[in-house]
Amino acid sequence: MRKHFLLFFILLISQTLTLAQSLLWEVSGNGQQEPSYLYGTIHLQEEKLFVYSEQVKDYINKCEQAAFELDMQGDQLIKAAQMMMYPGNEKITDHISTADFQKILKVFEKSQFNSEILKKFKPMGIYSLMVSLNRAQDMEESMDLYFQNYAVSQNKPLFAIETIEEQMSAFDDFDTEMLMEAVAEFGQRDKELKKLSKYYLKGNIKELAKIETKNESEEELSDKLFAKRNVTIANRLDEQFRRQTTMALFGAGHLGGNDGVIALLKEKGWTVSPVKMQVNQKKPQSSGTVWKDYSQDTSYYAVRFPQKPQVVTQTVQSEIGPLEVTSMVVSKRGKMVSTYNLTMTTYPEGTVHSNMTSRLDQIFDGGIGAMLNQLPNAQILEKSSIEKAGFPGRDVKIKAGEETIILNYYLVNNKMYLVMASTFSVEKGAQDLSEFFGGFEIKDQKDTSRAEIAFIDIETYSDNEDWFSIEDEDIGYAIQFPTTPVTTHEEVDLQGKKTVVFSRISFDTDSTVMFNMTDFPYEWEAENYEELSLILEAELKSMLDADYQDISDFQYLNFADYFYGAETTAKVDGNDVKIRLWISNNHMFVLQYLNADLSEDGINYAEYFLTTFRPHPL
């Protein structure tokens, strides 16, 4: 394969210009009173290639609509990226040797692209990433996206010439062999790309014609990427030109040649004439991004995005119950700020709440830790406490490869809002970052804290000299069992909490008593009854899995202003179970009695066992 192979992706959008040295063409005739236009683009972000941008904008303004190869608004870019990646657990390393993958990593060495993420890309996905490596990116977006965003800012209707599926199917034949040959040619690429940029700007037909593909496999791929797609482009534009004036922008490689779009349109009776190009008199201006409110529930919050976001809502099962999660994402490929995201998570009542002041660090750190787990080799640059509308939050900056990820967490009652953006430069992306983070608002929401929490005072406890007693003066409690318990001291790390299963005893085959103690990594304020009730309820709910049914309302307990607890009853496989939970300092104690109706000699052993637990003087 020839050394120009790595230019093939660029040639797709800037191969040869024929008929005249121009990128801009007028399409007239066929009974239409006003002409439409064609413009050949190039998929790079170098400012020098945007030398005709102001003239192109003028022609967009002249027409009733703008047509592009793809609709790159909303979730379309995310969809395209997903189609360039393997499904499930499949990776590029399943199809190439370790040595070949190391060669690929060498190409991406300076970019510090995450190797695990790179493994997920198909050959064409990796190839497309290679095209812009080490190239100037002094424009925030590629040319096609630049003009499309401008058209949107001018309220021009968009027409997508192709679907994502159609365009991606053209790359199906790009295999690992082609990828590895492109990797081998990477060293010669820069010199050739400089020539290509020069010829593109001048429309130098003679020199562009020298850059061609002659390998048989390349000719087959060229047929799919150019000839067949040219027919589709010409047919669909023919229909649009007959309906309304259209400014059509697509890869310049589709314009020229005997089977190019210009020739095909002429066959359909159109007059296609070159337009003299005019160089910008000033630096290319912004594409005119328009920020709009895309809130899903305007009664709770407001959020602004630079375009319509992709919205995904799902229910996620967790240890504390089902979480309702809604994500809104905008991907701006080629922009200085590449991703905008708002994720809203609604927690089950009583499990997570903004009034759990002693647990806020644990709650926020859990969210931050989950984010870091998704970003191997990422590191926290900054973390600080923030608030909005009186609700607590955290401001976090993470470095992941070339990008800085900014995260703002806000806990509003039992809802967590994550406002997140990824940028290649905080300084250069400052305006867009300010628009996004400044545009997020928490609407006037009532604090769902509990006005009054009633804790039932427990003043007495049971004490039977015939029962087996356990006292722990170090921790400060005592409890009794009807017989000597079977004891274990196994430590279980559960969400950062060290749980010691202390004892378990069976009366008979139908009933079981269990007592365990858990060490928490945090403490709470004893006088904050509201927080205590939320913590107690959260811990009880975390224990009551799908096997527990007919759960009663929780009752809250207080023993000598030292131990605070909650209790409930439920059914498991048709059997009654009574659960009582106590907390003190940084310890939690759980008592369970399965088959709560069991009694002997008029004594309800479930109630009796639960009341044997008591604080012990420290």
Hey, what's the range 25-109 come to in accessible area per residue, 1.4 Å probe, Å²?
44
Solvent accessible area, Å² - SER97, 1.4 Å probe, full protein context:
50
If I stretch the segment between LYS79 and GLN555 completely, what's the gain in nm (0.36 nm per residue apart, minus their alpha carbon distance), one decimal?
166.4 nm
Working out 0.36 nm times the residue gap between LEU133 and LYS48, then minus their Cα-Cα distance, what length gain in nm do you get to one decimal?
28.9 nm
Leaving out ligands, DNA and RNA but keeping every protein chain, what accessible area does LEU372 have, in Å² rounded to the nearest 10, with a 1.4 Å probe?
50
Could you check the spin-label model distance between THR98 and ASN464? Points 7 Å from the Cα along Cα→Cβ, value in nm.
6.5
Given LYS119/LYS428; LYS388/LYS428; LYS48/LYS428; LYS292/LYS428; LYS292/LYS388; LYS62/LYS282, the pairs whose alpha carbons are separated by over 23 Å:
LYS119/LYS428; LYS388/LYS428
For ASN558, the residues 5 or more places away or on another chain with a placed amide H closer than 5 Å to its own amide H are ILE456, ASP457, ILE458, GLY565
Which net charge results for the neighbourhood of ALA478, defined as the other residues with beta-carbon distances under 10 angstrom from its beta-carbon, given Lys and Arg at +1 and Asp and Glu at -1?
-3
Protein chains only, probe 1.4 Å: how do ILE320, ILE117 rank by accessible area, largest first?
ILE117, ILE320
Can you give the accessible area of LYS106, probe radius 1.4 Å, in Å² rounded to 10?
130
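The values are calculated or read from the model by the stated rules, or taken from the named source; none is laboratory data. Predicted, not measured: the structure shown is a model, and the values here were computed from it. We place every Cβ from the backbone using ideal geometry, glycine too, and count neighbours over all the protein chains shown. Heavy atoms of the whole protein, side chains included, go into the accessibility calculation; ligands, DNA and RNA do not. Shrake-Rupley method; radii C 1.70, N 1.55, O 1.52, S 1.80 Å.
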